[in-house]
Amino acid sequence: MSTSPAAAGEPFAIAEQAAEALVTRLGARPEVALVLGSGWRPAADALGEADAECPVAELPGFVAPTVPGHQGAVRSVRVDGRQVLVLLGRSHFYESRSPAQVVHAVRTAVIAGAGVVVLTNAAGAVNPVLRPGEVVLVRDHLNLTGASPLSGGEPPPPYRSPFVDLTDLYASALRRTARTVDPSLAEGVYAALPGPHYETPAEIAMLRAAGADLVGMSTALEAIAARHLGALVLGLSLVTNLAAGVSPGPLDHAEVLAAGAAAVPRLGRLLAALLPLLSPG
Ligand code: 8IG
C-alpha cells in the first residue's frame, strides 16, 4: 500500500461520504453505534422497530459481509430516546478485507455523529472460569492481527495523529454503566487473531499466559479506529465455546451459532436496557 498523504486520507474521505449518505438515507444522526457480531444479530429485533433501514450496498465504501449470521444492512432505531445506529453485520480481516475496510462502518458511524460505539462479538473462552452463553465486558485487548487501521501515514486534518493513546480503549465509565444494568457481567481481555481458523491448544496456552480471557477474530481494529476518532468504546463478548485445549472436544462453527441462538433473549434485554444509558462523556 502507498504511504502518500493522499492514500492515508482516502479511507477518511470515503467514510465522510458514507456518513453523509447514511444520515440522508436514515433521516437521523446516530448518538450510539451498535455493531452486531456473530450470535448477536437476532437480538437487534428486541430493540424495537427500526425507523429506517438501508442496505450497505447503497453506502460508499461498504462491502457486504460474506459470513453466515452477518447481514449487509444498517438500521436506525430509537431506544428509549437514544438514537442508535445498528450495523447488522461486520467485515472481518479473514474475508480478505483491508484494515481500512474492516473499520469503515465504525468510522462512518462516528463521523456521522456517534460518540459511543458498542462492539459485540462471539468469542472463545481462554479463561476456563468463563462459560458458553455468558456475556463478558471487554476490559482490554491484545491486537494480534498484525495490523492497524491507522497504518499508511498521517490522516488528513481535522483527524488526530495516528499515534493514539489506548490506555482506556474500552472505556471504564461505560463498563461501570453496563454493570449497573447487570452486576453479574464479568470482565476480560480479548485476544484478536486474524483467523479464520481456530487456534491450536499451544496457541491458546500462550494466549492464557499472555493475559487473555477471550479469543476472537474481530473488534480490536474497530475499537482502535473508533477511539482514534474520539468515540468511547464498549466491547461485549458472547462466549460461545471453550477455546482449543480448554474444550474437551474439537471446535465447530455450528456450536458457535447454537450457543448464540440460546442466548438471544438475554442479549436483547441487555442491549435494550443498556443503550439508553450510554453517554459519550
Ligand atoms: I465464537 O475459539 C469464536 N470465535 N480465534 N477462537 C477464535 N475465534 C473464535 C473462537 C475461538 N470462538
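Based on DSSP H segments of at least four residues, each scored -39500 (n - 2.57), the chain has a per-residue ellipticity at 222 nm of -10000 deg cm²/dmol. In the stretch 40-194, the ratio of gyration radius to Kirkwood radius, Rg to Rh, stands at 0.94 when only Cα atoms are counted. Against the compact-protein benchmark of 2.2 N^0.38 Å, the Cα-based radius of gyration of the stretch 94-152 scales to 1.39. A Cβ-based charge dipole, computed about the Cα centre of the stretch 5-277 with Lys and Arg at +1 and Asp and Glu at -1, lands at about 400 debye.
Distance from the alpha carbon centroid of the stretch 9-25 to that of the stretch 173-226 works out to 29 angstrom.
Using only the Cα atoms of the stretch 208-256, construct the convex hull and provide its projected area averaged over every direction, in square nanometres to one decimal.
On the way: hull surface 17.7 nm².
Quarter of the Cα hull surface area: 4.4 nm².
Here the Debye sum runs over all C-alpha atoms of the chain as equal scatterers in vacuum, and log10 of I(q)/I(0) at q = 0.07, 0.11, 0.15 Å⁻¹ comes out as -0.22, -0.57, -1.10. The slack in the chain from residue 255 to residue 58, taken as 0.36 nm per residue of separation less the alpha-carbon distance, amounts to 67.6 nm.
Quick one: check the C-alpha center-to-center distance for the stretch 132-172 versus the stretch 39-101, whole angstrom. Cα centroid of the stretch 132-172 versus Cα centroid of the stretch 39-101: 20 Å apart.
Cβ neighbours within 10 Å, averaged per peptide: list 107-119, 263-275, 178-190 in order, most packed at the top.
Details: 107-119: 25.0, 263-275: 18.6, 178-190: 16.3.
Most protected by this proxy first, the peptides run 107-119, 263-275, 178-190.
Only the coordinates and a few stated rules stand behind these numbers; no lab work does. Just so it is clear, the structure is predicted and the values come from calculations on it, not from any experiment. Virtual Cβ from ideal backbone geometry, glycine too; neighbours counted across all protein chains shown.
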